[in-house]
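Inspection log for the structure reproduced underneath, given as structure tokens.
The values are calculated or read from the model by the stated rules, or taken from the named source; none is laboratory data. No experiment lies behind these values; they were computed from the predicted model shown. All Cβ positions, glycine included, derive from the backbone under ideal geometry; neighbour counts span all protein chains shown. All accessible areas refer to the heavy atoms of the entire protein, side chains included, with ligands and DNA or RNA removed. Shrake-Rupley method; radii C 1.70, N 1.55, O 1.52, S 1.80 Å.
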Amino acid sequence: MVSHPPPPVKVASKREREYLRPKEVEAMIKAAHSFGTHGVRDAAIILLMFRHGLSTAELVSLKWSQIDFNDGYIEIRRVKHGHDSIHPLRAPELSALRQIKRDYPETQYVFVSERKAPLSTRTIPHIIARAGELAGLNESVHPHQLRHACGYYLASQGHDTRAIQDYLGHKNIHHTVRYTQMSPQRFESFWTD
């Protein structure tokens, strides 16, 4: 008889919730923008991670060749066998990206250090945590909360689960359903008094 290892035990999070609310993200962007010599870059990191549901690995590997300033699009190349997609860029993102391009004109990667090397995946959690702290959020913040914030925001706006799945690059819709399950808008029409 073949012995199988026991299933992994899921460790409960110590956080109250694993996502951020839009107002918290806005506060983090504002705080990051006003702090240090890389404020524009750090604010853009938070903005893009939130609006496009980027993971840390997807963010640090983002290249200028994936940005289309003329038509206003970004090519999202998902990791972990996720589905790639093309997302529209809106005015705040385009403005921030243009400023970064002016600040670092000769780099291949969008988000770089002072030495013009791509940021490492270890740097991003520090940038996000510092922005959360500066914004006065009660709990420490990690990058994946921005990806979750994107999913919850899209669900709260009433977007179709399949569209959210494609937007976030999920292969399996079970990873997407969590966002729609938590959306209070699902119940808005239950009582009409």
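Brief remarks follow.
- A DSSP coil position with no more than 12 other Cβ atoms inside 10 Å describes the following trypsin sites (Lys or Arg not before Pro) in segment 108-144: R115, K116, R122.
- Residue-wise HN-Hα couplings along segment 18-33, as the Karplus relation 6.51 cos²θ - 1.76 cosθ + 1.60 with θ = phi - 60° gives them from phi, are 9, 9, 10, 8, x, 5, 5, 5, 4, 5, 5, 4, 4, 5, 5, 4 Hz; Gly and Pro carry x.
- Each Cα pair under 8 Å and six or more residues apart adds its sequence gap; the mean of these over the residue count of the chain is a relative contact order of 26 percent.
- Once all protein chains are placed together, S65 keeps about 90 Å² accessible to a 1.4 angstrom probe.
- Karplus 3J(HN,Hα) series, Hz, for segment 123-131 with 6.51 cos²θ - 1.76 cosθ + 1.60 (x for Gly, Pro): 6, 4, x, 5, 4, 5, 4, 5, 5
- The chain, dipole about Cα centre (Lys/Arg Cβ +1, Asp/Glu Cβ -1), debye to the nearest 20: 440
- Amide H within-cut-off set for Y73, under 5 Å, with H built and near neighbours excluded: D68, L89
- For the chain: accessible area per residue (Å², 1.4 Å): 62
- Cα-based helix-to-principal-axis angle, 91-103 vs the chain, degrees rounded to 10: 40
- Exposure ranking of H33, H144, H52 by accessible area [1.4 Å probe, largest first]: H33, H144, H52
- Residue-count net charge about I173 - beta-carbon cut-off 14 Å; Lys, Arg +1, Asp, Glu -1: +1
- In degrees, nearest ten, helix 144-156 long axis to first principal axis of the chain (Cα): 60
- Surface composition of the chain: carbon plus sulfur atoms hold 53% of the accessible area, using a 1.4 angstrom probe and ignoring ligands, DNA and RNA.
- Within-14-Å neighbourhood charge of A117 [Cβ basis; K, R +1; D, E -1]: +3
- All alpha carbon pair distances within segment 35-179 were sorted into 10 Å bins beginning at 0; the resulting P(r) in whole percents reads 11, 42, 36, 11, 0.
- Label-to-label distance, Q99 versus H81, with points set 7 angstrom from Cα along the beta-carbon direction: 4.0 nm.
- Accessible surface, 1.4 Å probe, highest first, among residues T121, T107: T121, T107
- When nucleic acids and ligands are ignored and a 1.4 Å probe is applied, D166 ends up with an accessible area of around 90 Å².
- Surface listing: Y104, Y167 arranged by accessible area from highest to lowest gives Y167, Y104, probe 1.4 Å.
- Summing charges over neighbours of R98, with a neighbour being any other residue whose Cβ is under 15 Å away from its Cβ, gives 0 when K and R count +1 and D and E count -1.
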